[in-house]
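Just below is one structure, and these are the notes that go with it.
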Amino acid sequence: MKVCGFSFIRNAIKYQYPVAEALSSILPLCDEVFVAVGNSDDGTRALIEGLSPKIHIIDTVWNDRLREEGKVLAVETDKALRAVTLNYHWCIYIQGDEVMHEAGYDEVKKAMEKWKDDKRVDGLLFKYRHFYGSYDYIGASSRWYKREIRVIKNDPAIFSYRDAQGFRKNNNEKLSVKALNAYIHHYGWVREPEAMYAKTYDFSKHWSGDKWQPQKTFSKFDYSQHVDGLQKFTGTHPSVMHPLIEKMNWQFEFDPSFSNLPFKEKLKNYLEKITGKRPFDHNNFKIV
């Protein structure tokens with residue numbers, strides 16, 4: 001069984017993406033990894049190049065005129081995906097602010113081996129933990145997606161969907177997937193407040209259409225103003241994240257008993273707690 005990883009990144013150092021940790025987390029499962037490195041001005045290419053001989057860089061230029069629904073992210077994802085040669089059975093996708101927990105490696109390997117030749121299965125579904133403000137809190141509302149596809153068959157019909165959160169195939173058909181008890185940790189909302197503000201502001205242009213206007217100065221991101229509901233995290237982080245966590249140089253505290261969640265969200269959380277299933281949520285996949 002041959003497995004290839006793929007990802008994309010741009011200005012990882014400037015915006016403090018844990019991309020080195022992200023790629024390192026999938027390297028043990030991959031024979032090769034293709035990374036579409038966009039035009040950066042902060043040394044991102046050198047960072048990626050120095051990580052591992054398994055990693056191959058595809059130099060790209062982002063189309064900053066794509067300002068609808070994060071489409072440019074899917075375009076960049078597909079550049080890396082299309083570099084994967086047909087001799088691979090599976091493709092593992094990781095974004096620059098995601099890290100696969102090594103506790104799930106064995107299950108991922110077994111699932112890839114088990115479903116490798118089953119044409120009814122297009123991919124594998126991971127559970128998610130979304131960290132916010134610090135490495136101690138995770139999102140508790142439905143705006144944080146619970147699961148997403150991060151392993152797909154090496155099928156030319158599969159493509160990155162919308163803002164690259166998930167995948168579809170053929171005529172926007174949802175992928176048929178097997179659900180895993182394996183986790184991806186999403187750290188996209190954990191970085192120094194200055195870098196968080198700069199990143200959210202810069203990336204807003206990819207969703208704002210023609211309304212976006214450049215701004216000359218940046219400020220600090222106020223994590224306390226964007227909270228709806230969080231839970232205290234009591235589990236373990238992927239081992240590759242430990243050095244980065246130890247370097248955290250800002251503070252964020254939150255009282256989990258406080259919540260700005262509307263009644264509908266509270267009801268969803270309650271039903272999920274007693275049934276194990278979250279009602280009314282949209283899923284970009286079909287579990288088989």
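The values are calculated or read from the model by the stated rules, or taken from the named source; none is laboratory data. Everything numeric in this text was worked out from a predicted model, so none of it was measured. With ideal geometry, Cβ positions are generated from the backbone for all residues, glycine too; neighbour counts draw on all protein chains shown.
With the condition kept exactly as written, say whether any residue in the range 235-258 is of a type in the set (Val, Ile, Thr), surrounded by 14 or more Cβ atoms within 10 Å (Cβ to Cβ) and at pLDDT below 95. No, that holds for no residue.
Residues that are closer than 20 Å to Asn283 by Cα, basic (Lys, Arg) and in contact (Cβ under 8 Å) with a residue 60 or more places away in the chain: does the range 179-192 have at least one? The answer is no, given that none of the residues of the range 179-192 is closer than 20 Å to Asn283 by Cα, basic (Lys, Arg) and in contact (Cβ under 8 Å) with a residue 60 or more places away in the chain.
Please work out if Leu23 is closer than 22 Å to Gln165 by Cα and surrounded by fewer than 17 Cβ atoms within 10 Å (Cβ to Cβ).
Numbers: closer than 22 Å to Gln165 by Cα: yes; surrounded by fewer than 17 Cβ atoms within 10 Å (Cβ to Cβ): no.
Taking the combined requirement at face value, the residue does not satisfy it.
If only one of Lys71, Lys109, Lys114, Lys54 is closer than 20 Å to Lys169 by Cα and not small (Gly, Ala, Ser), which one is it? Walk me through how you get there before you give the answer.
Numbers: Lys109 fails: closer than 20 Å to Lys169 by Cα; Lys114 fails: closer than 20 Å to Lys169 by Cα; Lys54 fails: closer than 20 Å to Lys169 by Cα.
Answer to the check: Lys71.
Of the numbered conditions (1) closer than 30 Å to Lys14 by Cβ; (2) at pLDDT 95 or above; (3) not acidic (Asp, Glu), Leu180 fails exactly one; give the number of that condition. That leaves (1) as the condition not met. In the set (1) touching a Cys at 6+ places or on another chain (Cβ under 8 Å); (2) buried (at least 16 other Cβ atoms within 10 Å of the Cβ); (3) free of Cβ contacts under 8 Å to residues at least 60 places away in the same chain, Ala36 fails one condition alone, (1). Being crowded, with 17+ Cβ neighbours inside 10 Å, modelled with pLDDT of 95 or more and in contact with a strand residue (DSSP E or B) (Cβ under 6 Å, 6 or more places away or on another chain) is a description that applies to Ala80. Asn63 is checked against (1) surrounded by fewer than 19 Cβ atoms within 10 Å (Cβ to Cβ); (2) under 17 Å from the mean Cα position of the chain (by Cα); (3) at negative phi; (4) part of a loop (DSSP other than H, G, I, E, B) and fails just one. What number does that condition carry? Here Asn63 meets the rest and fails (2).
Just give me the residues in the range 153-167 being in a loop (DSSP other than H, G, I, E, B) and either at pLDDT 95 or above or crowded, with 18+ Cβ neighbours inside 10 Å (or both), in sequence order. Spell out the reasoning first.
Here is the first cut: in the range 153-167, the residues in a loop (DSSP other than H, G, I, E, B) are 154-157, 162-165.
Within the range 153-167, Asn154, Asp155, Pro156, Ala157, Ala164 meet the criteria.
Give the number of residues within the range 100-152 that are assigned to a strand (DSSP E or B) and either over 20 Å from the mean Cα position of the chain (by Cα) or of a type in the set (D, E, K, R) (or both). Working first, answer last.
Step one: filter the range 100-152 for residues assigned to a strand (DSSP E or B), giving 100, 123-132, 137-139, 147-152.
Then keep just the ones that are either over 20 Å from the mean Cα position of the chain (by Cα) or of a type in the set (D, E, K, R) (or both); that gives 127, 129, 147-148, 150.
Final tally of qualifying residues: 5.
Can you tell me which of (1) among the acidic types (Asp, Glu); (2) without any contact (Cβ under 8 Å) to a residue 60 or more places away in the chain; (3) not in a loop (DSSP other than H, G, I, E, B) is the one Glu76 doesn't meet? Single failed check for Glu76: (2).
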